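Here is the structure we will look at.
A short reminder: the numbers here are calculations on the coordinates, not readings from a lab. It should be emphasised that the depicted structure is a prediction, and the values quoted were computed from it without experimental measurement. Cβ atoms come from the backbone with ideal geometry, glycine included; neighbour counts cover every protein chain shown.
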Amino acid sequence: MTYVLKIVFVLMCTSVVHTTGAQENMARLRGGSYMPLYGTDSMEVTIADFLLDVYPVSNKAYRSFVKERPEWRKSKVKRLFADGRYLVDWESDLSYGNELPAKAPVTNVSWFAAKKYCECQGKRLPTIDEWEYAAMADENTADARKNGTYNQKILDWYEAPRSLGKEVGTNLKNYWGIYDLHGLVWEWTLDFNSVLISGESRKDVDKDSNLFCGSAALGASDLMNYAAFMRYAFRGSMRANYAIKNLGFRCAKDAPKI
Amino acid sequence: MKKIGHAILLLLLTVNISSCDTKKTDKLATMAYRCPMKCEGDKTFDQPGNCAICKMELIPVDTKIPETDGISDLSIYNLPSVWTTQNNTEIELKQLKGDVIVMVMIYTSCRAACPRLVADMRGIEAQIPQAQKDDVKLVLVSIDPETDTPERLKEFALENEMESDQWILLRGSEGDTREFAAVLAVNYKKISPMDFSHSNIISVFDQKGELAHQQEGLGVNNKDTVSKILELAR
């Protein structure tokens, strides 16, 4: 009798963990307004409070996902949703092999795959604005973009030969308690395809290029944050089924009202 | 009491099962259950129950027969999204299967490039001989689903002489629109409540829904686009 009750109790606990699990390892960010990098068309964006994964999604976590969702295994995935580089370094459908650390961020995943992974956790990908908002913090301040050492550190990483194979959580923990926004891998965002920049931006001398309608096409006028400019340019060159070696992701969620 | 314990146990288990991260049992199940509305695509569950999203009762499906419908890997008809037309009817993209599709993403309140893009679409339509018209559909997808209601799309179609059955104007959810744009490699961004910046791309899909040709830019020579359409619609 007590035995049964005990089981029920244990199950209830796991069930509670199960339902609140979505918030486990997520940090809450206080919303605010900031000026993102949109070239000449700069305007303040306002971010509502949101939750963001503390770490990028690891190989191990991603394996649990493909175990449950066979259509996202590398032998099954549709080319529309992920190109031939999808999980290319994984040994097989359900094994990332011995070369890749379990706790290293999963890379070679497409936008579709990343998006689906987050949806299955009851989460979503962060928007560009949210990601950049979280990433402008250093250890001590929420907005460190004017801080020279902050920019230099990020640029040093962009120049470093490779940071692949490193485990999540090994880089700086920022003001919000979030790790690895810089220094490990680049990350997918929900609206990565809202960056308007053509593949050959160096050729676009003509600002009124016919390739885009409207004025938000990214101009290189404000290079205060050169690192951010590189991120926007990178996003602008992505396609949703690309699976790239240095591109991973983490999930976000609207913050519950307190 | 013991019975109640069991009941709670069962309840907890079903709660766990109905969430997205379903734990598949090792049993080789021959029967599976799927939402009739396919809220989660072709995802199946090994227990009957209700869909977590639309709450409809799951229907049994035979897992032995994969539901491919002969849709190829690269086909846009793999997208499960549901769209609303200018006639306020709901369609899935794969209902367009079998026709050559010429597709563009616009928004009806656009004053800059969209009228030219629309003109380009009409220019393409004008070059399709009558005999082949039935095999070609011209589709405009709104990037501003908030403003572009079916009524608005209908008005836009009338204003722009897109009244024949060949023209289909679609709006979907914000998420599905973003996803669809991602498939077409169309980038767009809302820059004010009324305005968007977006790539000017006209895409041609073959009868299977695979991308056959894209034309980028405004007022470009559409010779290649038209010849691709005619080649496919043969």
Practice item. Please average, across the residues of B:195-204, the number of beta carbons from any other chain that are within 10 Å of each residue's own beta carbon, and give a whole number. Key: 4
**Study point:** Shielding by other protein chains, B:72-80, mean Cβ within 10 Å
**Key:** 3
Exercise for review: When you have a sec, figure out the Kirkwood radius of the range B:113-163 from all distinct Cα pair distances and drop it here in Å to one decimal?
Suggested key: 12.1 Å
Check your understanding: What are the GluC sites (Glu not before Pro) within the range B:75-179 that DSSP puts in a loop, where the Cβ has at most 16 other Cβ atoms within 10 Å?
Key -> B:Glu146, B:Glu161, B:Glu163
Revision key, fill the gap. Other residues with Cβ under 10 Å from the Cβ of B:Cys35 give, with Lys and Arg +1 and Asp and Glu -1, a net charge of +1
Review point. So for the pair A:Thr46, A:Met230, with labels modelled 7 Å out along Cα→Cβ, what separation do we get in nm?
Key: 3.4 nm
Point to revise | Loop-resident sites, the range A:67-152, for trypsin sites (Lys or Arg not before Pro), counting at most 13 other Cβ within 10 Å (DSSP) | key: A:Lys76, A:Lys146
Exercise for review: Starting from the Cα of A:Lys103, step 7 Å along the direction of its Cβ; do the same at B:Arg116; then give the gap between the two resulting points in nm.
Suggested key: 5.5 nm
Check your understanding: On full extension of the chain, what length is gained from A:Thr141 through A:Tyr158, given 0.36 nm per residue of separation minus the C-alpha to C-alpha distance?
Key -> 3.9 nm
**Study point:** Net length gained if the chain between B:Glu151 and B:Arg234 were fully extended (0.36 nm per residue, minus Cα distance)
**Key:** 26.5 nm
Review point. Want the number for A:Met35 to A:Asp254: 0.36 nm per residue separation, take away the alpha-carbon distance, what's left?
Key: 76.7 nm
Exercise for review: Over the whole of B:170-179, what's the average partner chain Cβ count within 10 Å per residue? Rounded to a whole number, please.
Suggested key: 2
Review point. Using a simple spin-label model with points 7 Å from Cα along the Cα→Cβ vector, what separation in nm is obtained for B:Gln132 and B:Asp46?
Key: 5.2 nm
**Study point:** Links that overshoot a 31 Å alpha carbon limit, given the list A:Lys166/B:Lys190; A:Lys76/B:Lys189; A:Lys76/A:Lys166
**Key:** A:Lys166/B:Lys190; A:Lys76/B:Lys189
